[in-house]
Amino acid sequence: MSSQLIDKFNRKITYMRMSVTDRCDFRCIYCMDEKMTFLPRKQLLNLEELEWVGRAFVELGVTKIRITGGEPLVRKNILHLFQRLGKLEGLKELVLTTNGSQLFKMADSLKEAGIKRINISLDSLKPERFQKMTRIGKLDVVLRGIDAAILAGFERIKINAVILKNRNHEEVIDLVKFSIERGIDITFIEEMPLGLINEHDRAEAFYSSLQIRQDLKKSFTLLESTDITAGPSRYYSVQNTDTRVGFISPHTHNFCNTCNRVRVTTEGQLLLCLGKENSVDLQSIIRDHPGDIMPLKAAIIKAMDIKPEGHNFELVGQPQVLRYMNRTGG
Ligand code: SAM
Ligand code: SF4
(Lines give C-alpha, C1' and ligand atoms only; values in the text may rest on other atoms or scores of the structure.)
(Ligands and ions follow the chains in the order given, each with its own letter.)
Protein backbone atom coordinates (compact mmCIF):
# COMPACT_ATOMS: atom_id res chain seq x y z
CA MET A 1 0.00 0.00 0.00
CA SER A 2 1.34 3.43 -0.93
CA SER A 3 2.49 5.56 1.99
CA GLN A 4 1.73 8.80 0.18
CA LEU A 5 -1.45 10.51 -0.84
CA ILE A 6 -1.30 11.91 -4.35
CA ASP A 7 -4.38 12.95 -6.29
CA LYS A 8 -5.12 12.80 -10.03
CA PHE A 9 -3.66 16.28 -10.50
CA ASN A 10 -0.40 15.25 -8.90
CA ARG A 11 -1.00 17.24 -5.74
CA LYS A 12 0.49 15.66 -2.63
CA ILE A 13 -1.85 15.67 0.36
CA THR A 14 0.06 16.30 3.57
CA TYR A 15 -2.47 18.29 5.57
CA MET A 16 -5.71 17.11 7.16
CA ARG A 17 -8.23 19.30 8.98
CA MET A 18 -10.43 17.46 11.39
CA SER A 19 -13.70 18.81 12.76
CA VAL A 20 -14.19 17.25 16.18
CA THR A 21 -17.66 18.63 16.85
CA ASP A 22 -20.33 20.56 14.96
CA ARG A 23 -21.47 22.19 18.22
CA CYS A 24 -20.39 25.62 19.32
CA ASP A 25 -20.92 28.10 22.11
CA PHE A 26 -21.14 30.94 19.54
CA ARG A 27 -23.44 31.40 16.54
CA CYS A 28 -21.36 33.61 14.23
CA ILE A 29 -23.58 35.28 11.65
CA TYR A 30 -21.50 34.14 8.65
CA CYS A 31 -21.06 30.57 9.89
CA MET A 32 -24.41 29.50 11.28
CA ASP A 33 -28.08 30.24 11.09
CA GLU A 34 -29.60 31.55 14.30
CA LYS A 35 -31.54 28.35 14.88
CA MET A 36 -29.13 25.53 14.19
CA THR A 37 -29.76 21.86 14.68
CA PHE A 38 -26.77 19.76 15.57
CA LEU A 39 -26.03 16.13 14.81
CA PRO A 40 -27.21 13.49 17.29
CA ARG A 41 -24.25 12.48 19.42
CA LYS A 42 -24.16 8.87 18.28
CA GLN A 43 -23.68 10.06 14.72
CA LEU A 44 -20.36 11.68 15.70
CA LEU A 45 -17.08 9.81 15.68
CA ASN A 46 -16.01 9.10 19.24
CA LEU A 47 -12.57 10.21 20.42
CA GLU A 48 -10.97 6.81 19.70
CA GLU A 49 -12.38 6.86 16.17
CA LEU A 50 -11.08 10.38 15.64
CA GLU A 51 -7.65 9.28 16.77
CA TRP A 52 -7.89 6.31 14.41
CA VAL A 53 -8.59 8.65 11.51
CA GLY A 54 -5.61 10.80 12.51
CA ARG A 55 -3.38 7.75 12.73
CA ALA A 56 -4.43 6.50 9.28
CA PHE A 57 -3.67 9.85 7.68
CA VAL A 58 -0.29 10.16 9.38
CA GLU A 59 0.65 6.64 8.25
CA LEU A 60 -0.24 7.85 4.75
CA GLY A 61 2.20 10.74 4.88
CA VAL A 62 0.13 13.53 6.41
CA THR A 63 2.44 15.70 8.53
CA LYS A 64 0.03 18.38 9.68
CA ILE A 65 -3.34 18.03 11.42
CA ARG A 66 -5.52 20.99 12.32
CA ILE A 67 -8.24 20.39 14.88
CA THR A 68 -11.29 22.52 14.26
CA GLY A 69 -15.08 22.43 14.42
CA GLY A 70 -17.60 23.78 15.53
CA GLU A 71 -15.78 24.80 18.63
CA PRO A 72 -13.28 22.02 19.35
CA LEU A 73 -12.73 23.06 22.96
CA VAL A 74 -16.37 22.48 23.93
CA ARG A 75 -16.08 18.76 23.12
CA LYS A 76 -15.85 16.76 26.34
CA ASN A 77 -12.42 15.24 27.07
CA ILE A 78 -10.95 16.72 23.91
CA LEU A 79 -7.55 17.03 25.59
CA HIS A 80 -7.25 13.22 25.46
CA LEU A 81 -7.46 13.36 21.69
CA PHE A 82 -4.78 16.04 21.50
CA GLN A 83 -2.52 14.03 23.80
CA ARG A 84 -2.94 10.90 21.65
CA LEU A 85 -2.48 12.68 18.32
CA GLY A 86 0.46 14.63 19.72
CA LYS A 87 2.32 11.33 20.13
CA LEU A 88 1.86 10.09 16.56
CA GLU A 89 5.21 9.43 14.96
CA GLY A 90 5.50 11.36 11.72
CA LEU A 91 3.09 14.11 12.69
CA LYS A 92 5.12 17.31 12.61
CA GLU A 93 2.42 19.85 13.34
CA LEU A 94 -0.66 19.52 15.50
CA VAL A 95 -2.50 22.83 15.39
CA LEU A 96 -5.85 24.18 16.51
CA THR A 97 -8.48 26.68 15.41
CA THR A 98 -10.68 27.99 18.22
CA ASN A 99 -13.04 30.84 18.99
CA GLY A 100 -11.00 31.44 22.15
CA SER A 101 -13.89 31.14 24.61
CA GLN A 102 -12.27 28.34 26.65
CA LEU A 103 -8.64 29.36 26.30
CA PHE A 104 -8.43 31.28 29.56
CA LYS A 105 -8.67 27.92 31.35
CA MET A 106 -7.25 25.53 28.73
CA ALA A 107 -4.28 27.27 27.14
CA ASP A 108 -1.61 25.63 29.32
CA SER A 109 -3.02 22.11 28.99
CA LEU A 110 -3.26 22.50 25.22
CA LYS A 111 0.39 23.47 25.06
CA GLU A 112 1.32 20.48 27.22
CA ALA A 113 -0.77 18.16 25.04
CA GLY A 114 1.40 19.02 22.04
CA ILE A 115 -0.49 21.79 20.25
CA LYS A 116 2.19 23.91 18.61
CA ARG A 117 0.31 26.72 16.95
CA ILE A 118 -3.12 28.14 17.49
CA ASN A 119 -5.54 30.23 15.43
CA ILE A 120 -8.03 32.29 17.39
CA SER A 121 -11.04 33.92 15.76
CA LEU A 122 -11.62 37.57 16.58
CA ASP A 123 -13.76 39.74 14.31
CA SER A 124 -14.15 42.84 16.44
CA LEU A 125 -12.58 44.67 19.36
CA LYS A 126 -15.85 46.35 20.27
CA PRO A 127 -17.82 44.35 22.86
CA GLU A 128 -21.27 45.09 21.43
CA ARG A 129 -20.28 44.40 17.88
CA PHE A 130 -18.43 41.25 18.89
CA GLN A 131 -21.60 40.03 20.52
CA LYS A 132 -23.65 40.90 17.43
CA MET A 133 -21.29 39.04 15.11
CA THR A 134 -21.09 35.95 17.30
CA ARG A 135 -24.70 36.35 18.54
CA ILE A 136 -23.62 35.12 22.01
CA GLY A 137 -19.88 35.63 22.47
CA LYS A 138 -18.31 37.78 25.16
CA LEU A 139 -15.31 39.78 23.96
CA ASP A 140 -13.64 40.06 27.38
CA VAL A 141 -13.58 36.26 27.78
CA VAL A 142 -11.92 35.83 24.39
CA LEU A 143 -9.38 38.58 25.13
CA ARG A 144 -8.50 36.83 28.39
CA GLY A 145 -8.08 33.65 26.38
CA ILE A 146 -5.73 35.35 23.92
CA ASP A 147 -3.61 36.64 26.82
CA ALA A 148 -3.53 33.13 28.33
CA ALA A 149 -2.40 31.67 25.01
CA ILE A 150 0.39 34.24 24.73
CA LEU A 151 1.54 33.42 28.27
CA ALA A 152 1.41 29.68 27.57
CA GLY A 153 4.08 30.23 24.89
CA PHE A 154 2.73 28.66 21.69
CA GLU A 155 5.15 28.78 18.76
CA ARG A 156 2.82 31.01 16.84
CA ILE A 157 -0.59 32.56 17.51
CA LYS A 158 -2.71 33.88 14.70
CA ILE A 159 -5.94 35.85 14.79
CA ASN A 160 -8.56 34.96 12.16
CA ALA A 161 -10.94 37.75 11.26
CA VAL A 162 -13.83 37.42 8.81
CA ILE A 163 -14.50 40.89 7.45
CA LEU A 164 -17.97 41.98 6.38
CA LYS A 165 -18.78 45.31 4.74
CA ASN A 166 -20.52 47.78 7.05
CA ARG A 167 -20.17 45.40 9.98
CA ASN A 168 -16.54 45.34 10.96
CA HIS A 169 -14.62 46.50 7.88
CA GLU A 170 -13.49 49.76 9.48
CA GLU A 171 -11.78 47.78 12.27
CA VAL A 172 -9.08 46.23 10.11
CA ILE A 173 -6.42 48.76 11.16
CA ASP A 174 -7.26 48.33 14.86
CA LEU A 175 -7.14 44.55 14.52
CA VAL A 176 -3.66 44.77 13.00
CA LYS A 177 -2.54 47.17 15.74
CA PHE A 178 -3.89 44.74 18.35
CA SER A 179 -1.83 41.94 16.76
CA ILE A 180 1.33 44.06 16.52
CA GLU A 181 1.07 45.03 20.21
CA ARG A 182 0.98 41.34 21.11
CA GLY A 183 3.57 40.13 18.57
CA ILE A 184 1.07 37.79 16.92
CA ASP A 185 -0.14 37.29 13.34
CA ILE A 186 -3.50 38.01 11.77
CA THR A 187 -5.35 36.67 8.75
CA PHE A 188 -8.30 38.37 7.11
CA ILE A 189 -10.82 36.01 5.55
CA GLU A 190 -13.37 36.74 2.83
CA GLU A 191 -16.75 35.28 3.68
CA MET A 192 -17.51 32.01 1.88
CA PRO A 193 -21.00 30.95 0.83
CA LEU A 194 -21.25 27.76 2.88
CA GLY A 195 -24.72 26.90 4.16
CA LEU A 196 -27.92 28.95 4.02
CA ILE A 197 -28.00 32.00 6.26
CA ASN A 198 -30.71 34.65 6.53
CA GLU A 199 -28.94 37.23 8.65
CA HIS A 200 -27.34 39.13 5.76
CA ASP A 201 -26.95 39.07 2.02
CA ARG A 202 -23.51 37.61 1.40
CA ALA A 203 -23.01 39.46 -1.87
CA GLU A 204 -23.84 42.79 -0.22
CA ALA A 205 -21.61 42.12 2.78
CA PHE A 206 -18.63 41.11 0.64
CA TYR A 207 -15.47 43.04 1.47
CA SER A 208 -12.50 41.93 -0.57
CA SER A 209 -8.95 41.27 0.58
CA LEU A 210 -7.83 43.85 -1.95
CA GLN A 211 -9.94 46.51 -0.24
CA ILE A 212 -8.55 45.49 3.15
CA ARG A 213 -5.00 45.72 1.84
CA GLN A 214 -5.69 49.19 0.51
CA ASP A 215 -7.14 50.23 3.89
CA LEU A 216 -4.11 48.85 5.73
CA LYS A 217 -1.64 50.61 3.46
CA LYS A 218 -2.81 53.92 4.92
CA SER A 219 -1.27 52.95 8.28
CA PHE A 220 1.30 50.23 7.63
CA THR A 221 3.94 49.19 5.15
CA LEU A 222 3.21 45.64 4.07
CA LEU A 223 6.17 43.72 2.68
CA GLU A 224 5.38 40.76 0.49
CA SER A 225 6.47 37.61 2.29
CA THR A 226 8.25 34.77 0.59
CA ASP A 227 6.54 32.19 2.81
CA ILE A 228 4.87 29.52 0.76
CA THR A 229 2.15 27.72 2.67
CA ALA A 230 0.73 25.58 -0.15
CA GLY A 231 -2.53 26.95 1.07
CA PRO A 232 -5.00 29.72 0.56
CA SER A 233 -3.22 32.41 2.59
CA ARG A 234 -1.00 35.06 1.10
CA TYR A 235 1.23 36.70 3.66
CA TYR A 236 2.79 40.11 4.15
CA SER A 237 4.97 41.19 7.00
CA VAL A 238 4.29 44.51 8.62
CA GLN A 239 7.48 46.56 8.37
CA ASN A 240 9.43 46.92 11.64
CA THR A 241 7.20 44.46 13.51
CA ASP A 242 7.03 40.70 14.17
CA THR A 243 3.51 40.54 12.79
CA ARG A 244 2.48 38.95 9.55
CA VAL A 245 -0.80 39.78 7.87
CA GLY A 246 -2.42 37.06 5.79
CA PHE A 247 -5.32 37.13 3.39
CA ILE A 248 -7.60 34.24 2.54
CA SER A 249 -9.34 35.38 -0.59
CA PRO A 250 -11.37 32.53 -2.03
CA HIS A 251 -13.24 34.90 -4.35
CA THR A 252 -10.33 36.82 -5.76
CA HIS A 253 -7.44 34.40 -5.56
CA ASN A 254 -7.93 30.83 -6.61
CA PHE A 255 -5.53 28.63 -4.71
CA CYS A 256 -6.75 25.22 -5.86
CA ASN A 257 -3.72 24.30 -7.98
CA THR A 258 -1.50 24.07 -4.89
CA CYS A 259 -4.10 22.48 -2.61
CA ASN A 260 -2.46 20.01 -0.22
CA ARG A 261 -5.35 19.38 2.15
CA VAL A 262 -8.47 17.39 2.87
CA ARG A 263 -11.05 17.65 5.64
CA VAL A 264 -12.78 15.13 7.84
CA THR A 265 -16.13 16.11 9.35
CA THR A 266 -17.22 15.25 12.82
CA GLU A 267 -19.31 12.32 11.56
CA GLY A 268 -16.36 10.92 9.65
CA GLN A 269 -17.07 12.18 6.18
CA LEU A 270 -13.89 12.76 4.20
CA LEU A 271 -14.35 15.98 2.20
CA LEU A 272 -12.03 16.34 -0.72
CA CYS A 273 -12.72 20.04 -1.34
CA LEU A 274 -14.07 22.91 0.76
CA GLY A 275 -16.23 24.20 -2.07
CA LYS A 276 -17.54 20.92 -3.52
CA GLU A 277 -19.56 18.02 -2.16
CA ASN A 278 -17.19 15.16 -3.20
CA SER A 279 -16.87 12.97 -0.15
CA VAL A 280 -16.34 9.46 1.22
CA ASP A 281 -17.99 8.02 4.35
CA LEU A 282 -15.17 6.88 6.62
CA GLN A 283 -17.41 6.23 9.61
CA SER A 284 -18.97 3.07 8.18
CA ILE A 285 -15.53 1.76 7.19
CA ILE A 286 -14.20 2.32 10.71
CA ARG A 287 -17.25 0.71 12.33
CA ASP A 288 -17.34 -2.23 9.91
CA HIS A 289 -13.66 -3.06 10.58
CA PRO A 290 -12.98 -2.48 14.26
CA GLY A 291 -9.28 -2.54 15.10
CA ASP A 292 -8.23 -2.90 11.44
CA ILE A 293 -6.71 0.27 10.01
CA MET A 294 -5.98 -1.15 6.52
CA PRO A 295 -9.51 -0.76 5.05
CA LEU A 296 -9.59 2.82 6.33
CA LYS A 297 -6.23 3.60 4.72
CA ALA A 298 -7.31 1.93 1.47
CA ALA A 299 -10.48 4.07 1.39
CA ILE A 300 -8.48 7.25 1.95
CA ILE A 301 -6.07 6.37 -0.87
CA LYS A 302 -8.98 5.61 -3.20
CA ALA A 303 -10.66 8.89 -2.30
CA MET A 304 -7.75 10.76 -3.91
CA ASP A 305 -9.30 9.85 -7.29
CA ILE A 306 -12.31 12.04 -6.59
CA LYS A 307 -10.50 15.10 -5.28
CA PRO A 308 -11.78 17.81 -7.64
CA GLU A 309 -9.39 20.02 -9.54
CA GLY A 310 -10.88 23.11 -7.93
CA HIS A 311 -13.93 25.14 -7.07
CA ASN A 312 -15.44 28.57 -7.60
CA PHE A 313 -17.58 30.33 -5.05
CA GLU A 314 -20.66 32.29 -6.22
CA LEU A 315 -22.00 34.83 -3.76
CA VAL A 316 -25.20 35.52 -5.64
CA GLY A 317 -28.06 33.00 -5.54
CA GLN A 318 -28.31 29.77 -3.59
CA PRO A 319 -25.05 28.47 -2.13
CA GLN A 320 -23.71 25.50 -4.07
CA VAL A 321 -22.57 23.92 -0.83
CA LEU A 322 -25.35 23.57 1.74
CA ARG A 323 -23.12 22.29 4.50
CA TYR A 324 -22.36 24.96 7.10
CA MET A 325 -18.79 25.87 7.98
CA ASN A 326 -19.18 24.35 11.47
CA ARG A 327 -19.77 20.94 9.85
CA THR A 328 -17.09 21.44 7.23
CA GLY A 329 -14.39 22.31 9.71
CA GLY A 330 -13.08 25.74 8.72
N1 SAM B 1 -15.01 27.66 16.22
C2 SAM B 1 -13.68 27.83 15.80
C3 SAM B 1 -13.41 29.25 15.36
O4 SAM B 1 -14.36 30.01 15.18
O5 SAM B 1 -12.24 29.58 15.19
C6 SAM B 1 -13.24 26.85 14.72
C7 SAM B 1 -14.21 26.57 13.62
S8 SAM B 1 -14.61 27.95 12.57
C9 SAM B 1 -15.71 27.20 11.42
C10 SAM B 1 -13.07 28.16 11.70
C11 SAM B 1 -12.91 29.46 10.98
O12 SAM B 1 -13.85 29.53 9.93
C13 SAM B 1 -13.13 30.69 11.84
O14 SAM B 1 -12.00 31.53 11.76
C15 SAM B 1 -14.34 31.35 11.23
O16 SAM B 1 -14.27 32.74 11.34
C17 SAM B 1 -14.28 30.86 9.79
N18 SAM B 1 -15.57 30.86 9.11
C19 SAM B 1 -16.74 30.34 9.54
N20 SAM B 1 -17.71 30.49 8.60
C21 SAM B 1 -17.12 31.12 7.55
C22 SAM B 1 -17.59 31.54 6.27
N23 SAM B 1 -18.83 31.33 5.88
N24 SAM B 1 -16.69 32.12 5.46
C25 SAM B 1 -15.41 32.32 5.83
N26 SAM B 1 -14.91 31.93 7.02
C27 SAM B 1 -15.75 31.35 7.87
FE1 SF4 C 1 -18.70 28.69 16.19
FE2 SF4 C 1 -16.42 29.09 14.94
FE3 SF4 C 1 -18.71 28.94 13.57
FE4 SF4 C 1 -18.28 31.03 15.11
S5 SF4 C 1 -17.09 30.44 13.31
S6 SF4 C 1 -20.16 29.82 15.02
S7 SF4 C 1 -17.16 30.18 16.74
S8 SF4 C 1 -17.77 27.32 14.68
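At 7 Å along the Cα-to-beta-carbon direction for both R129 and I306, put a label point, then send me their distance in nm to one decimal.
Label-label distance for R129 and I306, simple model: 4.3 nm.
Filter the cross-link list K35/K64; K165/K218; K111/K158; K138/K217; K35/K126; K76/K105 down to pairs whose alpha-carbon distance in this structure exceeds 26 Å. Walk me through the numbers on the way to the answer.
Numbers: K35/K64 34 Å; K165/K218 18 Å; K111/K158 15 Å; K138/K217 30 Å; K35/K126 24 Å; K76/K105 14 Å.
Over 26 Å Cα-Cα: K35/K64; K138/K217.
What cysteines in the chain have no other cysteine with a beta carbon less than 4.7 Å from their beta carbon?
Flagged as lacking a Cys partner: C24, C256, C259, C273.
Rounded to the nearest 500, what is the chain's calculated 222 nm mean residue ellipticity when only DSSP H runs of at least 4 contribute -39500 (n - 2.57) each, over all residues? Before the final figure, lay out each step's value.
Values: 10 runs with 96 residues, N = 330.
Helix-only estimate at 222 nm: -8500 deg cm²/dmol.
In what sequence, largest accessible area first, do L210, L110 appear using a 1.4 Å probe?
Working: L210 95, L110 0 Å².
In descending accessible area the options line up as L210, L110.
Mind listing the long-range amide H neighbours of T266? Cut-off is under 5 Å, sequence gap 5 or more, other chains count too, H placed in the peptide plane at 1.01 Å from N.
Correct list: S19.
If r is the Cβ-Cβ distance from I136 to N46 and R0 is 35 Å, what FRET efficiency results, to the nearest 0.05? Display every interim value, and only then the final one.
Values: r = 27 Å, r/R0 = 0.77.
The value I calculate is 0.85.
Please grab the % of Cα pairs in the stretch 15-328 that end up more than 37 Å from each other.
The share of Cα pairs beyond 37 Å in the stretch 15-328 comes to 11 percent.
I'd like the accessible area for T226: 1.4 Å probe, protein heavy atoms, all chains in place, Å² to the nearest 10.
Probe radius 1.4 Å; accessible area of T226 about 120 Å².
Give the accessible surface of the stretch 161-302 per residue, rounded to a whole number of Å², with probe radius 1.4 Å and ligands, DNA and RNA excluded.
Numbers: 6200 Å² over 142 residues.
Accessible area per residue, the stretch 161-302: 44 Å².
What share of the DSSP beta bridges in the chain is antiparallel, in percent to the nearest 5?
On the way: 15 of 47 bridges.
Antiparallel bridges: around 30 percent, rounded to the nearest 5.
Give me the dipole magnitude in Debye, nearest 20, for the stretch 15-328 about the Cα centre, with unit charges on the beta carbon: positive for Lys and Arg, negative for Asp and Glu. Kindly include the intermediate steps, with their values, before the conclusion.
On the way: 45 positive and 40 negative charges, 72 e Å.
With only Lys, Arg, Asp and Glu charged at Cβ, the dipole is about 340 debye.
Take peptides 257-266, 276-285 and line them up by average Cβ neighbours within 10 Å, highest first, as a rough protection proxy. Before the final figure, lay out the partial values.
On the way: 257-266: 21.0, 276-285: 16.6.
Top to bottom by mean Cβ count within 10 Å: 257-266, 276-285.
Given H placed 1.01 Å from N in the peptide plane, which residues other than close sequence neighbours of L164 have an amide H under 5 Å from its amide H?
Close amide H contacts, sequence-distant or interchain: H169.
Once you put a point 7 Å from the Cα of H169 and another 7 Å from the Cα of E204, both along the Cβ direction, what distance in nm separates them?
Here the modelled spin labels are 1.3 nm apart.
The values are calculated or read from the model by the stated rules, or taken from the named source; none is laboratory data. What you see is a predicted model; the values in this text were computed from it and never measured. FYI the Cβ positions are ideal-geometry reconstructions off the backbone, even for glycines, and counts take in every protein chain you see. Only protein heavy atoms, including side chains, enter the accessible area calculation; ligands, DNA and RNA are left aside. Shrake-Rupley method; radii C 1.70, N 1.55, O 1.52, S 1.80 Å.
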